[in-house]
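Below: one structure, written as structure tokens.
The values are calculated or read from the model by the stated rules, or taken from the named source; none is laboratory data. Here the structure is a predicted model, which is why all the values come from computation and not from measurement. Here the Cβ positions follow ideal geometry from the backbone for every residue, glycine too, while neighbour counts run over all protein chains shown. Areas reflect the complete protein model, heavy atoms only, side chains present, ligands, DNA and RNA absent. Shrake-Rupley method; radii C 1.70, N 1.55, O 1.52, S 1.80 Å.
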Amino acid sequence: MFKKIIEKYIPMTETAYYMLLALKKPLHGYGIILEVERLTNKRLRIGAGTIYGTLTKMEQDQLIQVVGEDDRRKIYLQTELGMELLSLEINRLKELYENGVKGENLNANQ
Amino acid sequence: MRTNKWVLTPWTPLSINKYETYLENQAQNGWIFQTSRLSFLFTKFVRQEPSKLRFCIDFQRTPQTEYTTIMDDDGWILAQMTQGWYLWIKAYTTERPAIFTDHQSFIDRNQRLLLTLGVILLPQIPISLVIMRRLTAFPQVSWMIFSIGYFFVILCLICYFIALFIANRKMKKRI
């Protein structure tokens, strides 16, 4: 099952990446929009329709779970599967970054 | 001076953004969307102060209450909901807001629409056969007129379905 999830989500879209990252702490839908805005210094503001659609898919794929409700707003949190997927993506991004830096240094030394 | 007007606004699921921009331009000229009939085929505008309003259309078959809660929290006002189509409005000053901010959301909206069209079209196969059989057995004028109308509507729906399917495949390839 995890293999299918990896194929579906990795490489991750910016939306999925930041949503999953924001859900390291419990948040409701609109809370995620604000948290992603804070994380990206207001560069990225995810649309409400995109948030709803992605939350629905991630919940179906068990990457996030509902952990409570606050005034009719569902509160979401990463699952272990979600955490695992996120660290896979972070490692992939690290590799991209490190190889990019190595390439830049090679060019500078030539 | 007229204070309201009805306008024929033919649009297809492939030209949703054109219709959204049209409503936005009308609002900037002081004609604000009030209501629509026949899934936005006829649109009624009222004369008001020119405003900067963003219009966004979504298609949801059976959304949870969570859907409207998130939209409300983000400042979107539901202007109309008809046959699964949701028209959302938000006032803005500088940055133009949007309900969808990635390609995948548009693909998903089209897929929800394709599924609904498929559910409508599938039972039409046996219905069409029954109508054809009835038409050949009793070729009355009233039946012929009804059949022509029926097959015209079905043909339009099939064309929409195919065009939307192709457009969605192209969008998927772009990701």
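If you go through the range B:119-151, how many residues are within 28 Å of B:Met71 (Cα to Cα) and open to solvent by less than 30 Å² (accessible area, probe 1.4 Å)?
Final tally of qualifying residues: 0.
Under 9 Å between Cβ atoms, which residue pairs at least 6 apart in sequence (or on different chains) link something in the range A:1-12 that is farther than 12 Å from A:Leu88 by Cβ with a partner that is open to solvent by 100 Å² or more (accessible area, probe 1.4 Å) and outside any helix (DSSP H, G or I)?
The qualifying pairs are A:Met1/A:Gln62.
Please verify whether the range B:39-53 includes one or more residues that are more than 14 Å from every other protein chain (Cβ to nearest Cβ), at pLDDT below 90, crowded, with 20+ Cβ neighbours inside 10 Å and within 15 Å of the chain's Cα centre (by Cα).
There is at least one residue in the range B:39-53 that is more than 14 Å from every other protein chain (Cβ to nearest Cβ), at pLDDT below 90, crowded, with 20+ Cβ neighbours inside 10 Å and within 15 Å of the chain's Cα centre (by Cα).
Is it the case that some residue within the range B:55-78 is away from chain A (no Cβ under 14 Å) and surrounded by 12 or more Cβ atoms within 10 Å (Cβ to Cβ)?
Looking for residues that are away from chain A (no Cβ under 14 Å) and surrounded by 12 or more Cβ atoms within 10 Å (Cβ to Cβ), one finds none in the range B:55-78, hence no.
Got at least one residue in the range B:8-18 being out of contact with any Lys or Arg (no Cβ under 8 Å at 6 or more places or on another chain), within 30 Å of A:Lys42 (Cβ to Cβ), within 14 Å of chain A (Cβ to nearest Cβ) and modelled with pLDDT under 95?
Yes: the range B:8-18 contains one or more residues that are out of contact with any Lys or Arg (no Cβ under 8 Å at 6 or more places or on another chain), within 30 Å of A:Lys42 (Cβ to Cβ), within 14 Å of chain A (Cβ to nearest Cβ) and modelled with pLDDT under 95.
Give the residue that is farthest from B:Trp85 (Cα to Cα), with candidates limited to residues of the range B:4-24 that are open to solvent by 80 Å² or more (accessible area, probe 1.4 Å) and not basic (Lys, Arg).
The extreme case among them is B:Trp6.
Restricting the range A:44-67 to residues that are in a loop (DSSP other than H, G, I, E, B) and open to solvent by 10 Å² or more (accessible area, probe 1.4 Å), which is farthest from the other protein chains (Cβ to nearest Cβ)?
Applying the first criterion (in a loop (DSSP other than H, G, I, E, B)) to the range A:44-67 yields A:44-47, A:61-63.
Of the ones still in play, those that are also open to solvent by 10 Å² or more (accessible area, probe 1.4 Å) are A:44-45, A:61-62.
Numbers: A:Leu44: 8, A:Arg45: 7, A:Asp61: 14, A:Gln62: 17 Å.
Filtering the range A:44-67 for residues that are in a loop (DSSP other than H, G, I, E, B) and open to solvent by 10 Å² or more (accessible area, probe 1.4 Å), the one farthest from the other protein chains (Cβ to nearest Cβ) comes out as A:Gln62.
List the strands (runs of 3 or more DSSP E) inside the range B:53-102, counting only whole elements, that have at least 1 residues being out of contact with any helix residue (DSSP H, G or I) (no Cβ under 7 Å at 6 or more places or on another chain).
Where strands (runs of 3 or more DSSP E) fall fully within the range B:53-102 and carry at least 1 residues being out of contact with any helix residue (DSSP H, G or I) (no Cβ under 7 Å at 6 or more places or on another chain), they are B:77-82, B:85-91.
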